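Heads up: the structure comes next, in C-alpha cells.
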Amino acid sequence: LDIDVQGARQVKARNEDAVSLFLLPPSFAELERRLRTRRLEDDDTISKRLVIAKSEILRCRDYDYIVVNDKIEESVRQLEAIVRSGTAEVQEESRIDNIIASFGGID
C-alpha cells in the first residue's frame, strides 16, 4: 500500500503483523528538486506537498524499515530484500538524523 503516515498507523493498529516501510528522500532539497523537475504540479501544490513532507518525515522512525531513496538501484535492492525476507540492512542512524534535520529538525 502507498499510504500516508496516518494510514500506516491505522493499518498497524488493525494488523500488528503488518510490515511498514518509510521511503525517505536523501534530503529536503533533493525532494524539492525531484518534485519541481517532474513538472507535474504547480508551485502552490509543490509547496503544500513540501509542508506535509516536513511533518510526515518526523514520523519515519515509527516504521519497521526506513529506506533512503538515494540511488534507485540500491533502493530497489533493499525493497526487494524486505519483501522477500522481511529483512534488510538497517540504515545508519546518523544518516537518518541528517536527513530529518534537512527537513527542519528532529522531534
task: Could you grab me the full set of residues in the range 41-100 that are more than 13 Å from the chain's Cα centre (by Cα), surrounded by fewer than 16 Cβ atoms within 10 Å (Cβ to Cβ) and small (G, A, S)?
output: S47, A81, S85, G86, S94
- line: From the option list R36, R49, R59, single residue qualifying as under 21 Å from R95 (Cβ atoms) and among the basic types (K, R) is R59
query: Is there any pair linking a residue in the range 80-107 that is of a type outside the set (A, V, I, L, M) to one that is surrounded by 12 or more Cβ atoms within 10 Å (Cβ to Cβ) and at pLDDT below 65, with Cβ under 7 Å and at least six apart or on different chains, and which?
result: D97/I106
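Yes/no per residue for (1) small (G, A, S); (2) free of Cβ contacts under 8 Å to residues at least 24 places away in the same chain; (3) within 18 Å of I72 (Cα to Cα):
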residue	(1), (2), (3)
V19	no, no, no
P25	no, no, yes
R33	no, yes, yes
S47	yes, yes, no
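The values are calculated or read from the model by the stated rules, or taken from the named source; none is laboratory data. Bear in mind that the values here come from a model prediction, so they are computed numbers and not experimental data. Cβ coordinates were reconstructed from backbone atoms using ideal geometry, including for glycine residues, and neighbour counts include every protein chain displayed.
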